[in-house]
Amino acid sequence: MKTLILSCNFGQGHNSCGLAIKEYYESQNIECEMLDSLAFINNLFAEILSKGHISICNYAPFIFDKGYKMAENHQNFFKGDSLALKLISKKCEDLYYYIVDNNYSQVICTHVFAGMMMTKIKNEYDLKCKTSFVFTDYTCHPGSKYLNVDYFFVPSNFLNEELQQIGIAEEKVITSGIPVKDKFYKNYNLRDDGK
């Protein structure tokens, strides 16, 4: 088994989730790599989007909130023929050959843009490996209904019903929680008196 994790450098939640999955696979001696999916389009493009997203979240969160609400209200933004998907999936052929040439048996996406790229690949190429999307929030991501992946890993049962309402088959949804690194499972004695 060989695993590719596709994230996006939009804040660190998606990367933290991907790194936790990577840590687990490596602890099981399973080869695993994590990449920024937008870097397949262009490194400069990925960096500009990442820095722009982080700046908006830090200095003008109302813009992020408006954009997110707009994405929720206009799901066509994520459809296969949308301008956004055409832009994001421009280099999907390169990603497809990267997956095939490196013999990955599964691809795990931790950001909707990565999921959109994998959807384009699954719809247009004969992809043999398993694909999945891991939710990094306790809400249904805009565009989820248009993702063509084998499995959806969700943080709580609450999302199972929501995904079924938008047409995702129940057998494709697995309640797993949000992956976190192993160090967060350890207990520490923080008391000064040693008790």
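Being within 19 Å of the chain's Cα centre (by Cα) and modelled with pLDDT of 65 or more holds for only one residue in Leu83, Leu127, Leu44, and it is Leu127.
The residue that is farthest from the chain's Cα centre (by Cα), counting only those in segment 138-186 that are aromatic (Phe, Trp, Tyr) and part of a strand (DSSP E or B), is Tyr151. List every residue pair whose Cβ atoms sit under 6 Å apart, with the two residues 6 or more apart in sequence or on different chains, where the first one lies in segment 10-26 and is closer than 15 Å to Ala114 by Cα and at pLDDT 95 or above and the second, anywhere, is assigned to a helix (DSSP H, G or I) and not hydrophobic (A, V, I, L, M, F, W, C). Listed by first residue and then by second, the contacts come to nothing, as the list is empty.
The values are calculated or read from the model by the stated rules, or taken from the named source; none is laboratory data. Quick caveat, the model's predicted, so the values are computed rather than measured. Quick reminder, even Gly has a Cβ in these numbers, built from the backbone with ideal geometry, and neighbours come from all protein chains shown.
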